[in-house]
Amino acid sequence: MESISIQEAYDKKSKTYKMLLYFGMISIIMIFAGLTSAFVVSKQRPDWLKDLAIPDTFTYSTIVLIVSSITFFLAKKAIKANNQSLTTVYLLITLGLGLTFVYLQFKGFDLLFNQGLVPFGSSSKVTVSFLYAFVFVHVAHLFGGMISLIYVIYNHYKQKYNSSQCLGIELSGMYWHFMDFIWVYLFLFFYFFK
């Protein structure tokens, strides 16, 4: 009977944390909805660049982030099977892919800077400013996901997760997949809605 009450307490805690995460994700959606709405309205400006070529590094970073979502999913699957070592491998790969994503984002900015496409100043264009805003706001939120992932890796190292107690991995994974979805949406939006 006592094990049922422990499981009920875990389920209640899980529902509460997931609900808080959903509220956080809704607020992030509102931020990006505002940015994309401002983007649409700003297309009427005379300084709008219709032929902005997005550097390939942004495409590569998108692929990297999608793969990181797959490895995070595999980490959750591995912990559900109580495979601790495989969970560790997938979590570390996910972290490495997340860092690679951020590197590629800033490499893309470097390429834009080298073309004279800057987000502010007398030579700036509003289109480029939006691209920088999309990326910086997304990367700032992704850093939250990376901090969460590092915390999960630390707790996993301390053997706090198993097949029946893996809430931290679940929550961190949900946020990670969400940020992946947001980036794919932004990338496709910016790429096709010129």
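Every number here is computed from the coordinates shown, using simple stated rules; none is lab data. Every value quoted in this text rests on a predicted model; they were computed, and no experiment measured them. Cβ atoms come from the backbone with ideal geometry, glycine included; neighbour counts cover every protein chain shown.
Descriptive notes on the structure:
- Separation of alpha-carbon centers, the stretch 1-41 and the stretch 44-119, rounded to whole Å: 23
- Net charge dipole, the stretch 98-194: roughly 80 debye, given to the nearest 20, about the Cα centre with Cβ charges of +1 for Lys and Arg and -1 for Asp and Glu.
- Rounded to 0.05, the FRET efficiency of the D110 and A133 pair, given R0 = 22 Å and the Cβ-Cβ distance, is 0.80.
- Coordinate range of the alpha-carbon atoms in the chain per principal axis, descending: 70, 29, 24 Å.
- Note on the chain: Lys pairs 8 or more places apart or on different chains, Cα atoms under 15 Å apart, count 7.
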